[in-house]
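Asker: Structure in structure tokens, see below.
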Amino acid sequence: MSDADFLPYCRPQILKQDIDAVVRVLESRWITTGAVCAELEAKIRDVTGARFAVAVSSGTAALHLALHALGIGPGDEVITPSMTWVSTANSIKLLGATPVFVDVDRHHLMTDAELIERAVTARTRAVIPVHFAGAPLHMDAIRRLCRSRGIAVIEDAAHVLGATQSGTPVGSVGNAFFSFQATKNVTGAEGGVFVTDDERLATRIRSLRFHGLGADAFDRDQLGRKPQVEVLEPGFKFNLPDLCAALALSQLGRLDAIIDSRTALAARYDEAFANDPHILPLSRPDLAHRHAWHLYVVRLADTVAMSRDAFVDQLRVRGIGAGIHFKAVHTHRYYRELPEGRVKLDNTLWNSERVLSLPLFPEMTADDVARVCDAVKGIAAG
Ligand SMILES: Cc1ncc(COP(=O)(O)O)c(C=O)c1O
């Protein structure tokens, strides 16, 4: 089989208009954070209904800045599921705080207010619920719980740009962040954005993303603002270059079309696996929602004798890539050896050993889906 026949689990859709948008930035000679980044922030506010948006170099950077700005540090506990990307927990550790891992629903892989409430202690300062694979998680009860206990909430919305819950876009209320990393529905190669309805938090994060200065290079050089280059507090170098912002902005303009094509492919997978006893797609959350279909995740049923890792190898032999979202964070070596890694999370662990993400990207064809389904069913049936 030639490399050209290999079907990866993800391939960013790069249209001529995306390339033109990036070239325009190159030709302008202003390639770092500037007007295009500001335009991306405005468009994100538009799409999500958020009052404020601050674009940064990654979703991880957005979360790190948010936790830092909220004053999370040593002695504090932050509750988050272990079924997430490692950066969610790493950001907590890097600030000297303790991640408290909670379990998730066995079939949609998201946590809930009840599980979170059981993990709350006098030291809990924040909760990071994680929307999963494009599906939004039920936020109302979590927000009520956290508001009543004075606990901050930062939604990890890396997977759900464009998703809605009960008609409301994810990111329109409270604090959340999205990712523009290369596999995401909308990508800037890398990048992320923090959204909030808290003006003070947004202003602080805007300053913290660029050294904690009162103004960035664009403010000074292009907008003619006073070179107020004073450090207000020590900050980071987490700004998003216009080069990346241009790609993300161009893609964001067709977000609905991107989600629609992913939805159509996911429906084909759903149909193919509906009566397959060996392959268990994720269930949908029990709320009116629009799914962003970032990933098509399935689990190998207990009837499948082969390990998930061997299964992924078998798919690769057939020219098909698969992702793993996720190996539970508390099972990674660093966390395993910490007290906070010694937790009993039955649903998380069961899924951690069985999940795999099948190819899903806008340029896939119906034949590609059929090829994946044939291979998956064939391997599962032994
Ligand atoms: C659930 C989740 N949270 C956070 C992130 C971090 O986003 P980024 O890669 O942009 O730092 C990712 C990303 O890949 C993710 O899948």
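Asker: Residue check, T263 against (1) buried (at least 20 other Cβ atoms within 10 Å of the Cβ); (2) closer than 21 Å to Y9 by Cβ, all met but one. Which one?
Answerer: Tallying (1) buried (at least 20 other Cβ atoms within 10 Å of the Cβ); (2) closer than 21 Å to Y9 by Cβ, T263 fails exactly one: (1).
Asker: Something else about it: Could you run through the stretch 194-216 and say how many residues are farther than 10 Å from G235 by Cβ and open to solvent by less than 30 Å² (accessible area, probe 1.4 Å)?
Answerer: 7
Asker: Shifting gears a bit: Restricting the search to the stretch 88-104, which residues are farther than 21 Å from R299 by Cα and open to solvent by less than 20 Å² (accessible area, probe 1.4 Å)? Steps first, please.
Answerer: Step one: filter the stretch 88-104 for residues farther than 21 Å from R299 by Cα, giving 88-101.
Once the filter is applied, which keeps residues that are farther than 21 Å from R299 by Cα and open to solvent by less than 20 Å² (accessible area, probe 1.4 Å), the stretch 88-104 yields T88, A89, S91, I92, A97, P99, F101.
Asker: So which residues in the stretch 295-316 are open to solvent by less than 20 Å² (accessible area, probe 1.4 Å), assigned to a loop (DSSP other than H, G, I, E, B) and in contact with a Leu (Cβ under 8 Å, 6 or more places away or on another chain), if there are any at all?
Answerer: Pass one, the stretch 295-316, residues open to solvent by less than 20 Å² (accessible area, probe 1.4 Å): 295-301, 304, 311, 315.
Now narrow it down to the ones that are assigned to a loop (DSSP other than H, G, I, E, B): 295, 301, 304.
The answer is L295, A301.
Asker: Just give me the residues in the stretch 117-131 being within 16 Å of the ligand (Cβ to nearest atom) and under 17 Å from K93 (Cβ atoms), in sequence order. Explain how you work it out, then say what you get.
Answerer: Of all residues in the stretch 117-131, those within 16 Å of the ligand (Cβ to nearest atom) come to 126-131.
Correct list: A126, V127, I128, V130.
Asker: Looking at (1) touching a Cys at 6+ places or on another chain (Cβ under 8 Å); (2) away from the ligand (no atom under 16 Å from the Cβ), find the lone condition where V23 falls short.
Answerer: Single failed check for V23: (1).
Asker: Pairs please, first residue from the stretch 242-254 and in contact (Cβ under 8 Å) with a residue 24 or more places away in the chain, second anywhere and of a type in the set (K, R), Cβ atoms under 8 Å, 6+ apart in sequence or on different chains.
Answerer: Every condition considered, the pairs that remain are A246/R24; L249/K43; L252/K43; G253/K43.
Matching residues to (1) part of a helix (DSSP H, G or I); (2) closer than 30 Å to V186 by Cβ; (3) modelled with pLDDT of 95 or more; (4) of a type in the set (V, I, T):
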{"residue": "Y334", "(1), (2), (3), (4)": "yes, no, yes, no"}
{"residue": "K344", "(1), (2), (3), (4)": "no, no, yes, no"}
{"residue": "T348", "(1), (2), (3), (4)": "yes, yes, yes, yes"}
{"residue": "N351", "(1), (2), (3), (4)": "yes, yes, yes, no"}
{"residue": "L356", "(1), (2), (3), (4)": "no, yes, yes, no"}
{"residue": "F361", "(1), (2), (3), (4)": "no, yes, yes, no"}
{"residue": "V369", "(1), (2), (3), (4)": "yes, yes, yes, yes"}
{"residue": "D374", "(1), (2), (3), (4)": "yes, no, yes, no"}
{"residue": "K377", "(1), (2), (3), (4)": "yes, no, yes, no"}
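Asker: Please go through the stretch 352-382 and pick out each residue that is out of contact with any Cys (no Cβ under 9 Å at 6 or more places or on another chain), open to solvent by less than 70 Å² (accessible area, probe 1.4 Å) and among the aliphatic types (A, V, I, L, M).
Answerer: V355, L356, M364, A366, V369, A370, V372, A375, V376, I379, A380
Asker: Is it fair to say W85 is more than 16 Å from the ligand (Cβ to nearest atom) and either within 30 Å of K344 (Cα to Cα) or not hydroxyl-bearing (S, T, Y) (or both)?
Answerer: Working: more than 16 Å from the ligand (Cβ to nearest atom): no; either within 30 Å of K344 (Cα to Cα) or not hydroxyl-bearing (S, T, Y) (or both): yes.
For W85, the condition - more than 16 Å from the ligand (Cβ to nearest atom) and either within 30 Å of K344 (Cα to Cα) or not hydroxyl-bearing (S, T, Y) (or both) - is not met.
Asker: Something else: For L115, state whether it is farther than 22 Å from A62 by Cα, modelled with pLDDT of 95 or more and either surrounded by 24 or more Cβ atoms within 10 Å (Cβ to Cβ) or polar (S, T, N, Q) (or both). Quick ask: steps written out before the conclusion?
Answerer: Numbers: farther than 22 Å from A62 by Cα: yes; modelled with pLDDT of 95 or more: yes; either surrounded by 24 or more Cβ atoms within 10 Å (Cβ to Cβ) or polar (S, T, N, Q) (or both): no.
For L115, the condition - farther than 22 Å from A62 by Cα, modelled with pLDDT of 95 or more and either surrounded by 24 or more Cβ atoms within 10 Å (Cβ to Cβ) or polar (S, T, N, Q) (or both) - is not met.
Asker: Can you tell me how many residues in the stretch 163-193 are buried (at least 24 other Cβ atoms within 10 Å of the Cβ), of a type in the set (S, T, N, Q) and over 18 Å from T33 (Cβ atoms)?
Answerer: So the count comes out to 2.
Asker: Scan the stretch 317-332 residue by residue and report those that are within 15 Å of the ligand (Cβ to nearest atom) and either among the β-branched types (V, I, T) or assigned to a loop (DSSP other than H, G, I, E, B) (or both).
Answerer: I324, H325, F326, K327, A328, V329, H332, listed by residue number.
Asker: Would you point out the residue of the stretch 69-83, among those that are out of contact with any helix residue (DSSP H, G or I) (no Cβ under 6 Å at 6 or more places or on another chain) and assigned to a loop (DSSP other than H, G, I, E, B), that is most open to solvent (accessible area, probe 1.4 Å)? Let's see the steps before the verdict.
Answerer: The initial filter retains those residues of the stretch 69-83 that are out of contact with any helix residue (DSSP H, G or I) (no Cβ under 6 Å at 6 or more places or on another chain), namely 70-77, 81.
Then keep just the ones that are assigned to a loop (DSSP other than H, G, I, E, B); that gives 70-76.
Values: L70: 47, G71: 45, I72: 11, G73: 9, P74: 109, G75: 42, D76: 23 Å².
My answer is P74.
Asker: Can we say L338 is modelled with pLDDT of 95 or more and open to solvent by 20 Å² or more (accessible area, probe 1.4 Å)?
Answerer: Answer is yes for this residue.
Asker: So how many residues does the stretch 155-180 have that are closer than 17 Å to M83 by Cβ and touching a helix residue (DSSP H, G or I) at 6+ places or on another chain (Cβ under 7 Å)?
Answerer: We begin by selecting, within the stretch 155-180, every residue closer than 17 Å to M83 by Cβ; these are 155-160, 179.
Still in the running and touching a helix residue (DSSP H, G or I) at 6+ places or on another chain (Cβ under 7 Å): 156, 158, 179.
Residues in the stretch 155-180 being closer than 17 Å to M83 by Cβ and touching a helix residue (DSSP H, G or I) at 6+ places or on another chain (Cβ under 7 Å): 3 in total.
Asker: Starting from the stretch 310-337, take each residue that is on the phi > 0 side of the Ramachandran plot and list its partners that are modelled with pLDDT under 95 and open to solvent by 30 Å² or more (accessible area, probe 1.4 Å), counting only C-beta distances under 8 angstrom and pairs at least six apart or across chains.
Answerer: Here the result reads G319/M1; G319/D5, each pair linking the stretch 310-337 to a residue that is modelled with pLDDT under 95 and open to solvent by 30 Å² or more (accessible area, probe 1.4 Å).
Asker: Another question, if that's okay. Go through (1) among the aliphatic types (A, V, I, L, M); (2) in a loop (DSSP other than H, G, I, E, B); (3) over 22 Å from the mean Cα position of the chain (by Cα) for L287 and report which single condition fails.
Answerer: In the conditions (1) among the aliphatic types (A, V, I, L, M); (2) in a loop (DSSP other than H, G, I, E, B); (3) over 22 Å from the mean Cα position of the chain (by Cα), L287 misses (3) alone.
Asker: How many of the residues in the stretch 42-68 are open to solvent by 10 Å² or more (accessible area, probe 1.4 Å), in a helix (DSSP H, G or I) and either within 16 Å of the ligand (Cβ to nearest atom) or within 13 Å of R209 (Cα to Cα) (or both)?
Answerer: Count: 3.
Asker: Continuing with the same structure: Which residues, taken from the stretch 29-59, are of a type in the set (S, T, N, Q) and farther than 18 Å from T203 by Cβ? Before the answer, list the steps.
Answerer: First pass over the stretch 29-59, keeping only residues of a type in the set (S, T, N, Q): 32-33, 48, 57-58.
Those that are of a type in the set (S, T, N, Q) and farther than 18 Å from T203 by Cβ: T32, T48, S57, S58.
The values are calculated or read from the model by the stated rules, or taken from the named source; none is laboratory data. Every value quoted in this text rests on a predicted model; they were computed, and no experiment measured them. All Cβ positions, glycine included, derive from the backbone under ideal geometry; neighbour counts span all protein chains shown. These accessible areas exclude ligands, DNA and RNA; they are computed on the full protein's heavy atoms, side chains included. Shrake-Rupley method; radii C 1.70, N 1.55, O 1.52, S 1.80 Å.
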